[in-house]
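Structure, as structure tokens:
The values are calculated or read from the model by the stated rules, or taken from the named source; none is laboratory data. A quick note: this is a predicted structure, and the numbers were derived from the prediction, not measured. Every residue, glycine as well, gets a Cβ built from its backbone with ideal geometry; the counts of neighbours run over all protein chains shown. In case anyone asks, the SASA skips ligands and DNA or RNA and just uses the protein heavy atoms, side chains included. Shrake-Rupley method; radii C 1.70, N 1.55, O 1.52, S 1.80 Å.
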Amino acid sequence: MHFIDVILPIPLTKTFVYQVSEREAAFLEKGMRVAVPFGKSKIYTALVYAIHQNAPTAYKAKEIDQILDRAPVVSPQQLQFWEWIASYYMCSLGEVFKAAIPAALLLESETIILPNKNFQWKGEEFFSDEESLVYEALQHQSALKIQEVSDIIDRKNVLPILKSLIDKEVIHLKEEVYESYKPKLLRYVKMHEDYSTDEALSELLDKLSRAKKQREVVLKLFSIEAVTKKPILVKDLETESQVSSAVVKSLIDKGVLEVYHLQTDRVQYDGQETMDSKILNEYQSKALTGIEQQFKVKDVVLLHGVTSSGKTEVYVKLIEQAIAKGEQVLYLLPEIALTTQLIKRLQQYFGEKVSVYHSKYSNNERVEVWNHILKDDGRAQIVLGARSAILLPFKNLGLIIVDEEHEVSFKQFDPAPRYHARDAAVVLGKLHQSKVLLGTATPSVETYYNTQKDKYGLVEINRRYAGVLMPDIELTDIKEKHRKKRMKGHFSDRLIEAIEEALELGEQVILFQNRRGYAPILECQECGNSPQCPNCDVSLTYHHYRDQLRCHYCGHAMAMQHSCIACGSNDLTTKGFGTEQIAHELTDLFPKAKVGRMDSDTTRGKYSYEKLLTSFERLEIDILVGTQMLTKGLDFRKVSLVGVMNADSLLNFPDFRAHERSFQLIQQVSGRASRTQKRGKVIIQTYNPYHQILQQASVNDFQGMYKDQINERYQFKYPPFIRIVKLVFRHRDYSKVNESSEWYMQALKTVFKGSGTQVLGPVFPAVARIRNEYLKNIIIKIPAHQSLKKTKQAILKIDKSFQSIPAYRSVRIIYNVDPQ
Ligand code: ADP
Ligand code: ZN
Ligand code: ZN
């Protein structure tokens, strides 16, 4: 008897055993997909993990449903990497599998509704109205999906009706597996082979002498075929010969032209490599040589180059070297949606060798990129992607670039696996014996520490490209400005003056405010009440544009209240401010300026972010107001002024990384100012102009910031001196969260007593209830000298006991390793 172990895309940690025939066993390989029955009636896509002859002892193995691949879709190195992620980040291999593979490759079973052939019509009264609609539909269609039934009767819950129809023996249900990836086919056209001889052709042209347009199409096709051997699209033929599709269609109907289909990629870059990479200047060349030198002795190197120092061009040189050796290159970015500029740049250099792996791409598009990488067929030799791109089927990785390595968004938060793509990339690099380059203008404290400990190499560029000066950063004391009545709304006279000046010179302005919406709090002046989210413990944010109050945690929205819900007073006021309010104030202050807003409210659609960028680039926007989206590597020539509306909101975050983050944000957003000859200006409004971090940010004192932060981290026991595992308990029942986390805490204390591992909590986080679930945190601080692996094993053992307590089983625990 033959068996396979498979990974299922579910949170259970173990693999599952299924039975296969001898022939199937001989055919199957690790990394192929099979469809398997699981639970009562579900069919899942599973991944073959091992093939063997050991029958399971605890249960009888089911047979597989079908084999889905002819060759593995997951590479051996990839599986090995997934295993590391699962074990390091404390989740199941199934969760990694699910996160990694494009949804279109995860077949799902779907319940379909079939008519019962033996059913005899029993008259109108036999059915309710809704039932008869379903019955009616099944007279015209051989099967219905649940969703279709729901559409027909126009309600969500269709199960009662289906159940009733089953009881009445009108329908039955079946589970069906379907492959949701469909190759995209394009229509091409060629002459029918009957007309391949000269005689046949001239005869045809004679025949068509009265159908002028058709004749033209035939001639056109000939002239195109004469110059190109490439397939000709039906669509192209129509445009080229300037006829309607009806003309071409009649030729196809007559059998003069023949249509055929070819599979194509949905995302295609049809341009050629149009540009050579740039010649590096002195500083870039030195950095490049430095990196090459370091790579001889180190696997990981940090390129610490100030904003606009030309790091990207250095990466490009390294990419050229890697692809010349036939290696694959992974280029990781914090948020791929924000990188149109970079994609264009790389495509100019590398043409169709560049593939982008993108969460905004459709499922089918992702499958195509996946397959190119798996086959290593040249079209995805350079993969540009956000964090999940580390999970792709690389075979032959030579170089990994992690751009903006300091960015928090490299850490996946929900759902599992909660991995940090930068840290995981270092491990991925080891597996492939490839080099890893981390690049940023503002290194994270952890990474910089690794360079100081000689674990990573370090290369610096301290000058902006082409001698552009670093921006001049000015701190403006708004406490003082308020006192002297020099504020208009949220703008100091200093900022207003600087904006005026920039606008006068036809330059652009960027204003940064790390909050979207109009105001985070609406408050009654009479009784102090402020509308709260019914599902979460937060105030609702006022959104002026939609005249709504919205929850930023669960999305709950309600119409704006114009009188207090508690006391009825009309005397309402807002507290705090977001991007919307700034944009609003700007239109009053600068009625002639065109104001744009960039935050997650204005960039939801697939192309809306790009559109906004393009119009900024085309100078259709004078002042762009936005959240930290603005800080992400944009390169605009005409921006001469950057304003930070309120730096204090960054500093006051209750997190050990808050100061480091503020420094990074301010430096990054400042970096948007003046990337050309004229020196850019940055104005930071704050109540604390003497705050150490703001002082350091204003003079680009990275070293000073690093020294302070690393000392604090040492003193108060934070990474990189210790490791953190954070546990989050979640449940709808308040006392259950309290009791269960308390139980867990006691267990931790017992296990780790005297070990040096510190356990803290349980405590409620700042927002203690989200989507009607209460949250409570436990922090485990593990000293550097202690085995992380053993500590995690001990935690998992406690988890096991926890799960066996019936009262706590419904409590969800999230394990977050290296929380950000
Ligand atoms: P960074 O990534 O360090 O912020 P970029 O790589 O975006 O900097 O470079 C900043 C600007 O300078 C870009 O517009 C880029 O095209 C230009 N640039 C950088 N290096 C060169 C070079 N060697 N030759 C010509 N232009 C360059
Ligand atoms: Zn009130
Ligand atoms: Zn909410």
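Once the dipole of the chain is set up with Lys and Arg at +1 and Asp and Glu at -1 on Cβ about the Cα centre, which of 295, 192, 614 lies farthest towards its positive end?
Of the listed residues, the answer is 295.
When a/c reaches 1.5 or more, the comparison of a/b and b/c decides; with that in mind, is segment 75-225 rounded, prolate or oblate per its Cα gyration tensor?
oblate
Given a 1.4 angstrom probe, I'd like the percentage of the accessible area of segment 741-780 that is carbon and sulfur, rounded to a whole number. Provide the component values of the computation, followed by the final result.
Values: 1080 of 1960 Å².
Here it works out to 55 percent.
Let me have the 222 nm mean residue ellipticity of the chain computed from DSSP H runs of 4+ only, each contributing -39500 (n - 2.57), with the sum over all residues rounded to the nearest 500. Intermediate values should be presented prior to the final figure.
Working: 26 runs with 285 residues, N = 820.
Per the formula, -10500 deg cm²/dmol.
Taking the Cα centre of the chain as origin, sum charge times position over the Cβ atoms of Lys and Arg (+1) and Asp and Glu (-1), and report the length of that vector in debye to the nearest 20. If you can, show how the numbers build up before the last one.
Details: 110 positive and 100 negative charges, 470 e Å.
Dipole about the Cα centre, nearest 20: 2260 debye.
No other cysteine beta carbon under 4.7 Å away is the test; run it over the chain and list who passes.
Isolated Cys, the chain: 91, 554.
Taking segment 62-157, how much of its Cα-Cα pair set, in percent, is spaced more than 17 angstrom apart? Could you put the intermediate results ahead of the total?
Numbers: 3144 of 4560 pairs.
Roughly 69 percent, once rounded to a whole number.
May I ask you to rank 112, 152 by accessible area, largest first, using a 1.4 Å probe over the protein chains only? Each step should come with its number before you reach the end.
Numbers: 112 20, 152 60 Å².
Largest accessible area first, the residues go 152, 112.
Are there DSSP H segments in the chain that both extend 24 Å or more along their axis (alpha-carbon positions) and score a mean Kyte-Doolittle hydropathy of at least 1.6? List them, or say none.
none
Counting other Cβ atoms within 10 Å, which chymotrypsin sites (Phe, Trp or Tyr not before Pro) in segment 389-433 have at most 16 and lie in a DSSP loop? The partial results should precede the final answer.
Working: sites: 394, 410, 413, 419; in loops: 394, 413, 419.
Listed in order of number, the matching sites are 413.
For residue 174, which lysines qualify as cross-link partners when the Cα separation must be under 16 Å and same-chain residues fewer than eight apart are set aside?
Of all the lysines, those that pass the test against residue 174 - Cα under 16 Å, at least 8 places apart if same chain - are 40, 42, 117, 145, 163.
In whole percent, and with a 1.4 Å probe on the protein chains, what portion of the accessible area of segment 500-564 is carbon and sulfur?
40 percent
Provide the net charge surrounding residue 201, with neighbours chosen by a C-beta distance below 15 Å and charges set as Lys +1, Arg +1, Asp -1, Glu -1. Write down the numbers at each step before the final one.
Numbers: positive: 190, 207, 215, 220, 254; negative: 193, 194, 198, 199, 203, 206, 216, 225, 258.
Local charge sum for residue 201: -4.
Is segment 392-532 rounded, prolate or oblate when judged by the Cα gyration tensor, a ≥ b ≥ c being the square roots of its eigenvalues, rounded requiring a/c under 1.5 and prolate requiring a/b larger than b/c? Provide the component values of the computation, followed by the final result.
On the way: a/c = 2.91, a/b = 1.64, b/c = 1.78.
Note, shape of segment 392-532 comes out oblate.
With +1 assigned to the C-beta of every Lys and Arg and -1 to the C-beta of every Asp and Glu, and no other charges, what is the dipole magnitude of segment 553-665 about the Cα centre in debye, to the nearest 20? Mind dumping the intermediate values first?
Numbers: 13 positive and 14 negative charges, 75 e Å.
Dipole magnitude for segment 553-665 comes out near 360 debye.
What is the local net charge at residue 602, summed over the other residues whose Cβ is closer than 13 Å to its Cβ (Lys, Arg +1; Asp, Glu -1)? Show your work: numbers first, answer last.
Numbers: positive: 516, 546, 597, 604, 611; negative: 580, 599, 601, 610.
Net charge around residue 602: +1.
So for the chain, taking the charge dipole from beta-carbon charges (+1 Lys/Arg, -1 Asp/Glu), which of 373, 778, 734 sits furthest toward the positive end?
So the residue furthest toward the plus end is 778.
What does the chain give for Rg and for Dmax, in Å, if only its C-alpha atoms count?
Looking at the chain, its Cα Rg and Dmax stand at 31.2, 99 Å.
Chymotrypsin sites (Phe, Trp or Tyr not before Pro) within segment 536-579: which are DSSP loop residues with at most 10 other Cβ atoms inside 10 Å? Spell out each step's value before the answer.
Working: sites: 542, 545, 553, 577; in loops: 545, 553, 577.
Counting only loop positions with at most 10 other Cβ atoms within 10 Å, none of the chymotrypsin sites (Phe, Trp or Tyr not before Pro) in segment 536-579 qualifies.
Determine, at each q value in 0.23, 0.25 (inverse angstroms), the log₁₀ of I(q)/I(0) that the Debye formula gives when each Cα of segment 557-620 is one equal point scatterer.
Taken in order of the listed q values, log10 I(q)/I(0) reads -1.05, -1.12.
Can you give the charge dipole size of segment 645-762 about its Cα centre, rounded to the nearest 20 debye, using +1 on the beta carbon of Lys and Arg and -1 on the beta carbon of Asp and Glu?
Computed charge dipole of segment 645-762: roughly 440 debye.
Report the Cα-based extents of segment 694-820 along its three principal axes, largest first, to the nearest Å.
Largest first, segment 694-820 extends 57, 35, 18 Å along its Cα principal axes.
If you roll a 1.4 Å probe over segment 285-437 with all protein chains in place, what percent of the accessible area is carbon or sulfur?
On the way: 2340 of 4830 Å².
The value for segment 285-437 is 48 percent carbon and sulfur by accessible area.
Given a Förster distance of 22 Å, report the FRET efficiency between residue 193 and residue 224 from their Cβ-Cβ distance, rounded to the nearest 0.05.
Numbers: r = 17 Å, r/R0 = 0.79.
It comes to 0.80.
Please calculate the 1.4 Å probe accessible area of residue 470, with all protein chains present, and give it to the nearest 10 Å².
Using a 1.4 Å probe on the heavy atoms, I get roughly 50 Å².
Give the accessible area for residue 240 in Å² (nearest 10); use a 1.4 Å probe, count only protein heavy atoms, and leave out ligands, DNA and RNA.
Counting only protein heavy atoms, the figure is 100 Å².
Report, in cubic angstrom per residue, the convex hull volume of the C-alpha atoms of segment 618-776. Write down the numbers at each step before the final one.
Values: hull volume 24.3 nm³, N = 159.
Expressed per residue, the convex hull around the Cα atoms of segment 618-776 is 153 Å³.
Can you work out the accessible area per residue across segment 607-758, with the rest of the protein chains kept in place, probe 1.4 Å, in square angstrom?
Numbers: 6630 Å² over 152 residues.
Dividing the accessible area of segment 607-758 by its residue count gives 44 Å².
Roughly speaking, what is the centre-to-centre gap between segment 502-546 and segment 220-251 when only Cα atoms are used, to the nearest Å?
Here the two parts' Cα centres lie 56 Å apart.
Hey, can you find the accessible area per residue of segment 327-441 for me, probe 1.4 Å, expressed in square angstrom?
On the way: 3230 Å² over 115 residues.
About 28 Å² of surface per residue is accessible.
Once you list every other residue whose beta carbon is under 14 Å from the beta carbon of residue 397, what net charge do they have if Lys and Arg are +1 and Asp and Glu are -1? Before the final figure, lay out the partial values.
On the way: positive: 325, 395, 430, 435; negative: 299, 327, 376.
Residues close to residue 397 contribute a combined charge of +1.
What does segment 651-697 give for Rg and for Dmax, in Å, if only its C-alpha atoms count?
Considering segment 651-697 through its Cα atoms, Rg and Dmax are 12.1, 39 Å.
Once you've got the Cα coordinates, tell me which of 296/430; 311/435; 353/678; 353/395; 190/353; 62/395 are over 26 Å apart.
Numbers: 296/430 14 Å; 311/435 17 Å; 353/678 37 Å; 353/395 16 Å; 190/353 29 Å; 62/395 33 Å.
The pairs that break the limit, which is 26 Å between Cα atoms, are 353/678; 190/353; 62/395.
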